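Accompanying notes for the structure given below.
The values are calculated or read from the model by the stated rules, or taken from the named source; none is laboratory data. What you see is a predicted model, and the numbers here were worked out from it, not measured in a lab. For neighbour counting, all protein chains shown are included, and Cβ atoms are generated from backbone atoms with ideal geometry for every residue, glycine included. Remember, those area values only see protein heavy atoms, side chains included, never the ligands or the DNA or RNA. Shrake-Rupley method; radii C 1.70, N 1.55, O 1.52, S 1.80 Å.
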Amino acid sequence: MKDKIFQTASFISAAISLLLLVAIFFYLLSESLPAIKHFGLFDFISSTEWVEKEGEEHYGAGAFIIGTFLTATLALIISIPFSSSLTLLITEYWAETRAASFLNSLLLLCVNIPTIIWGIWGYFSLRPVFESLGIGSSGTGILTTSVALAIMITPTASLLSVSFASKIDRRLRETAYSLGATRFDIIRKISFPLARKSYLISYLFAFGKALGETLIVVMLIGNTNQIPQKITDTGSSLSSIILNQFESAGDLKFSSLVALGFILFISTALVNFTARYIRRVKV
Amino acid sequence: MIANKNKYRTSVKRLSFCLVHVLSFLALLPFILLLFSLIKNGKKHLSVDFFTSSTPSISEISIALTGPESIPGGILNGLSGGFFIIIIAVVIYVPIGMMAAVYFFNYRNTKPGLLLHYSVIILSGLPSIIIGICTYLWIVRPFYYCSAFAGGVALAIAILPGFILSVLHIFEQLPQELRVTGTSLGLSYTRIMLKLVIPYSKIGLISVVLSSLSKGIGKTTPLIFTTLWVFDINRDLFQTSTSLSLLVWRFFHEPYMTDFMWSAALLLLIIVLTLSLISERFYRNWIKEIKL
């Protein structure tokens, strides 16, 4: 009897996450239906206009989708060399030394730094650097945002790949050493091919994190409703426009904002699902 | 020929060695700079007053600006509000997360287990702004005002999936023999979990709770949609409230409050880093104990 209750309780607790996911999906969908009906799904996604004038209201997601994916992709590209170096340092060069475990703890601390702190640091310390270089409008813009996002996701990506890479059998490496391989040979011929999938998964998770990041983006992207023509332009992302306009939103605008949230939800869910799926499939 | 090839290999090796070290150093540089600038800008405002009085209202700020004195006030409302919010969140996510992890520990490889595990993973990757919007739709809009309660719920939803995965990770560190022994002794499922698995992983679980707290305290986006902000200390859980991270966000938008913002951010960082350091300490000790 007690067993049954315990088992049911644990099942229900686990089922709550699925329930939440389904509830989020349906609430976002039903709230965004008015906007999608009003503008049409395809037009809403492809339109790049955001006109708030009464009577001529027109809301489109295009510019923000581009802004989101542009910043996140750039952030990922910038962070890959850095995070993979950190991974290599921990798993290869400094493997099993105190320094490596210290570095690992340091990265754990970095991961826990709240994004709002990265945001204000980015605004007050990183932005002036870009400003003095003449990039973006007084330092804000896609490039600044991407650099800040890259700084934020680098510890996440490297920690994840460290946790996967440490599962590789050490004997393989030692055999290679005894055959006269250099460290670089080992990385290229053994560690990397074996850990290829884990790198991919880590970067996908990091990419998902960058996609949904709000505060850093709001503070640094410049918040203009335009399609960025080059990476030094200002723009907006899905999350930043939602945060900026949420308080002042009327019915149709509110619905459009939720629809933007729905797009963000679908894209991050897809990215994370893919990452989880790859992990299951043996490559 | 061979000498040439060896030379090439050595130089590639050296080059990659340098590159990895330099890039890693560059990757850690922002962290050091962040600490530096937070301490430099934040330390001057950290006084007793900062912890014992509430945020100044706009009129107080404008009065202070006309006189020679600095702006009075502190962040006590953020500390107290944040405390209530995090307590509400803990009450929700800790029991649910533990029970869910117990389920996954036993049934992860069954079909429903796999489905639920996928949903936890997807949920854990959701941007916190989505959780903010949904909690707004579920709790704030039907009652027409933001509250500490809504903030707590939003925070709980934001932390829950990560918490489940971490608890599961703790359970999986335990030696396999523990469960086998329990089963062979004829213990029931409930007893194995309650008398063997959970007691053995107690320290690990404490470390997970601490690390989830350190993640939760810093989360701001879900609270922006659900908690808003007040000048005073608020004991009513169903009225608008505020938290330390929300105060940082608020001060960011107000001119003249930049000093407050740095100090609040520094305090937030100190709390978060202390919690995660303690949590890591616990985890390391526990792992050592388990592997013996």
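List of remarks:
- Counting protein heavy atoms only, segment A:58-280 has 63 percent of its accessible area on carbon and sulfur, 1.4 angstrom probe.
- Percent of alpha-carbon pairs separated by more than 32 Å within segment B:76-291: 26
- Segment B:Leu35..B:Thr10, full-extension length gain: 5.2 nm, with 0.36 nm per residue of separation and the alpha-carbon distance subtracted.
- In Å², nearest 10: area of A:Arg279 left accessible to a 1.4 Å probe: 110
- Shielding of A:118-124 by partner chains, average beta-carbon count, 10 Å: 6
- Note that segment A:164-173 has calculated 3J(HN,Hα) couplings of 6, 5, 6, 7, 5, 5, 5, 4, 4, 5 Hz, one per residue in order, obtained from phi through the Karplus relation 6.51 cos²θ - 1.76 cosθ + 1.60 (θ = phi - 60°); glycine and proline are x.
- Neighbour-limited loop hits for chymotrypsin sites (Phe, Trp or Tyr not before Pro), segment B:222-292 (at most 16 other Cβ within 10 Å; DSSP other than H, G, I, E, B): B:Phe231, B:Phe238, B:Tyr256
- In straight-distance terms, cross-link reach from A:Lys253 covers every one of the aspartates and glutamates whose alpha-carbon lies under 17 Å from its own, apart from those fewer than eight places away in the same chain; here that gives A:Glu31, A:Asp43, A:Glu49, A:Glu52, A:Glu54, A:Glu56, A:Glu57.
- Nearest-0.05 FRET efficiency for B:Leu115 and B:Leu19, computed from C-beta distance (R0 45 Å): 0.55
- Label-point separation in nm, A:Ser138 to B:Leu65, each point 7 Å along Cα→Cβ: 1.6
- Viscosity 1.567 mPa s, 4 °C: Kirkwood-radius Stokes-Einstein D of segment B:138-246 over Cα pairs, µm²/s: 79
- Overall, the accessible surface of chain B at a probe of 1.4 angstrom is composed of carbon and sulfur to the extent of 67 percent.
- Label-point separation in nm, A:Lys230 to A:Lys189, each point 7 Å along Cα→Cβ: 4.6
- Per-q log10 I(q)/I(0), chain A, q = 0.10, 0.13, 0.14, 0.15 Å⁻¹ (Debye; single scatterer per alpha-carbon; no solvent): -0.66, -0.98, -1.06, -1.14
- Here's the list of lysines a cross-link from B:Lys195 could span, going by alpha-carbon distance under 24 Å and ignoring same-chain residues fewer than 8 apart: A:Lys2, A:Lys4, B:Lys288, B:Lys291.
- Extended-chain gain in nm, criterion 0.36 nm per residue less alpha-carbon gap, A:Ser178 and A:Ile45: 42.1 nm
- Normalised by the number of residues in segment B:136-249, the mean separation of alpha-carbon contacts (under 8 Å, six or more apart) gives a relative contact order of 43 percent.
- Phi to ³J(HN,Hα) by Karplus 6.51 cos²θ - 1.76 cosθ + 1.60 over segment A:146-159, Hz, x for Gly, Pro: 5, 5, 5, 5, 4, 4, 5, 8, 4, x, 4, 4, 6, 4
- Take each residue in A:1-12, count the other chain C-beta atoms within 10 Å of its C-beta, and the mean is 5.
- Charge tally around B:Leu244: other residues with Cβ under 15 Å, Lys/Arg +1 each, Asp/Glu -1 each, net +3.
- Accessible-area ranking of B:Val91, A:Val217, A:Val129, B:Val230, largest first, probe 1.4 Å: B:Val91, A:Val129, B:Val230, A:Val217
- The A:Asp3 and B:Ser57 beta-carbon pair, evaluated with R₀ = 60 Å, returns a calculated FRET efficiency of approximately 0.55.
- Charge sum, other residues only, whose C-beta stays under 15 Å from A:Ala15's C-beta, Lys/Arg counted +1 and Asp/Glu -1: +2
- Förster radius 41 Å - calculated FRET efficiency between B:Arg284 and B:Phe231, Cβ distance, rounded to 0.05: 0.45
- Chain A, dipole about Cα centre (Lys/Arg Cβ +1, Asp/Glu Cβ -1), debye to the nearest 20: 1700
- When the Cα positions of A:Thr87, A:Phe262, A:Pro128 are compared along the charge dipole of segment A:58-280, A:Thr87 comes out farthest toward the positive end, with charges on each C-beta of Lys, Arg, Asp and Glu.
- Whole-number accessible area per residue in Å² for segment A:1-104, which is evaluated in the context of all protein chains at 1.4 Å: 52
- Sparsely packed chymotrypsin sites (Phe, Trp or Tyr not before Pro) within segment B:94-150, loop by DSSP, other Cβ within 10 Å at most 12: B:Tyr144, B:Tyr145
- Applying the Karplus relation 6.51 cos²θ - 1.76 cosθ + 1.60 with θ = phi - 60° to segment A:64-72 yields 3J(HN,Hα) values of 7, 4, 4, x, 4, 5, 5, 5, 5 Hz, where x marks Gly and Pro.
- Ordering A:Met1, B:Met99, B:Met193 by accessible surface, largest first, gives A:Met1, B:Met99, B:Met193; the 1.4 Å probe counts only protein heavy atoms, with every chain in place.
- Going by accessible surface with a 1.4 Å probe and the largest first, A:His58, A:His38, B:His45 read A:His38, A:His58, B:His45.
- Loop-resident sites, segment A:194-235, for trypsin sites (Lys or Arg not before Pro), counting at most 12 other Cβ within 10 Å (DSSP): A:Lys230
- In degrees, nearest ten, helix A:2-39 long axis to first principal axis of chain A (Cα): 40
- Peptide A:78-87 is shielded by partner chain Cβ atoms: per residue, an average of 4 of them sit within 10 Å of its Cβ.
- Accessible surface, per residue, of chain B when the full set of protein chains is kept, probe 1.4 Å, Å²: 48
- Model label points for A:Arg280 and B:Thr183, set 7 angstrom from Cα along the Cα-to-Cβ axis, are 2.3 nm apart.
- For chain A, averaging the sequence separation of C-alpha pairs within contact (under 8 Å, six or more residues apart) and dividing by the residue count gives a relative contact order of 27 percent.
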